[in-house]
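Peer 1: My questions all concern the structure below.
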Amino acid sequence: VAAGLRIVHQPKISSSYTTKSEDRIPKIYTKTGDKGFSSTFTGERRPKEDHIFEALGTTDELSSAIGLAREFCLEKGHSFTDQLDKIQCVLQDVGSNIATPRSSARESHIKKTKFSSQPVAELESWIDSYTEELPPLTSFILPSGGKSSAALHVARAVCRRAERCVAPIIRSGEADPDVGKYLNRLSDYLFTLARYAALKEGNSERIYTRPEGGCV
């Protein structure tokens, strides 16, 4: 599956029978995708432009965007970075579920990659907690409020795209509905967290104002 969401199982080799060639570190490249096809967790080969791999790639991009935002937040000493750590781990589970299309999955595959509603409830709890500290929204705000906040807004936008990529997969019955719910709630969380980061850093959020003469 997509790099960053790839799971490699290495067989355990007895040290008494290890040779020099077996001691080598596994290479990052496998060459199995050179002809434009890749494998799902179920072993099914599909073209790399398949909607499954599009969703996997966007989910990987989302995790990367959150990772970058987390680095900015760490620099500012924010206390919520452990939540971002957990979210990146949950996104690995999201990827595993997407990479296991139900049409080719065995019961053992489904059991290993099932996605529950518990992470959704956790996001809702975090959103409610931060919302209590934020001033109410009275206008459209633009991505702003410092590097931490702006980076979280970028992650939010990528999250929306990931949700759009996953939606048809869920509608076709190939992924768990809770995956879609999680991505939907995650974008709300990232929006709320961006505002919270700006507040804690004492930065102002830029408000949308209609340009003179209207939009060109």
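Peer 1: Looking at Ile87, Ile52 in this structure, which one is modelled with pLDDT of 90 or more, within 29 Å of Ser104 (Cα to Cα) and in contact with a strand residue (DSSP E or B) (Cβ under 7 Å, 6 or more places away or on another chain)?
Peer 2: Matching residue, one of Ile87, Ile52: Ile52.
Peer 1: Quick one: would you say Val154 is among the hydrophobic types (A, V, I, L, M, F, W, C), under 16 Å from the mean Cα position of the chain (by Cα) and open to solvent by 30 Å² or more (accessible area, probe 1.4 Å)?
Peer 2: yes
Peer 1: Then there is this: Considering (1) in a helix (DSSP H, G or I); (2) modelled with pLDDT of 95 or more; (3) open to solvent by less than 60 Å² (accessible area, probe 1.4 Å); (4) of a type outside the set (S, T, N, Q), say which one Leu134 fails and leave the rest.
Peer 2: (1)
Peer 1: Hey, can you tell me all the residues within the stretch 69-117 that are among the charged types (D, E, K, R), under 15 Å from Leu152 (Cα atoms) and either in a helix (DSSP H, G or I) or under 18 Å from the mean Cα position of the chain (by Cα) (or both)?
Peer 2: Arg70, Glu71, Glu75, Asp82, Asp85, listed by residue number.
Peer 1: Here's something else I'd like to know. Write out, first by first residue and then by second, each pair whose Cβ atoms fall under 7 Å of each other, whose residues are 6+ apart or on separate chains, and whose first residue, in the stretch 153-178, is touching a residue at least 40 places away in the same chain (Cβ under 8 Å) while the second is assigned to a loop (DSSP other than H, G, I, E, B) and surrounded by fewer than 16 Cβ atoms within 10 Å (Cβ to Cβ).
Peer 2: These pairs meet every condition: Asp176/Lys114; Asp178/Ser116; Asp178/Ser117.
Peer 1: Going by the conditions given, is Gly43 at pLDDT below 95, of a type in the set (Gly, Ala, Ser) and over 28 Å from Ser149 (Cβ atoms)? Give the derivation first.
Peer 2: Working: at pLDDT below 95: yes; of a type in the set (Gly, Ala, Ser): yes; over 28 Å from Ser149 (Cβ atoms): yes.
Yes; evaluated as a whole, the condition is true for this residue.
Peer 1: Can you list residue pairs whose Cβ atoms sit under 9 Å apart, with the first residue in the stretch 35-50 being of a type in the set (A, V, I, L, M, F, W, C) and the second being open to solvent by 40 Å² or more (accessible area, probe 1.4 Å) and at pLDDT below 75? Count only pairs 6 or more apart in sequence or on different chains.
Peer 2: Phe37/Pro47; Phe41/Ile7
Peer 1: Would the stretch 164-175 turn up any residue that is over 27 Å from Glu54 (Cα atoms), part of a helix (DSSP H, G or I) and more than 14 Å from the chain's Cα centre (by Cα)?
Peer 2: no
Peer 1: Also, I was wondering about something else. Restricting to the stretch 85-104, name every residue that is in contact (Cβ under 8 Å) with a residue 40 or more places away in the chain and farther than 22 Å from Arg46 by Cα.
Peer 2: Filtering the stretch 85-104 for residues in contact (Cβ under 8 Å) with a residue 40 or more places away in the chain gives 87, 90, 92, 94-104.
Within the stretch 85-104, Ile87, Val90 qualify.
Peer 1: Consider the stretch 175-210. How many of its residues are of a type in the set (D, E, K, R) and closer than 16 Å to Ile66 by Cα?
Peer 2: So the count comes out to 3.
Peer 1: Could you list, in sequence order, the residues of the stretch 138-162 that are aliphatic (A, V, I, L, M) and not in a helix (DSSP H, G or I)? Show your work before the answer.
Peer 2: Within the stretch 138-162, the first condition is being aliphatic (A, V, I, L, M), and the residues that meet it are 141-142, 150-152, 154-155, 157-158, 162.
Those that are aliphatic (A, V, I, L, M) and not in a helix (DSSP H, G or I): Ile141, Leu142.
The values are calculated or read from the model by the stated rules, or taken from the named source; none is laboratory data. All values derive from a computational prediction rather than experimental measurement. Please note: Cβ atoms are built from the backbone with ideal geometry, for glycine as well, and neighbour counts cover all protein chains shown. For accessibility, only protein heavy atoms count, side chains too; no ligands or nucleic acids. Shrake-Rupley method; radii C 1.70, N 1.55, O 1.52, S 1.80 Å.
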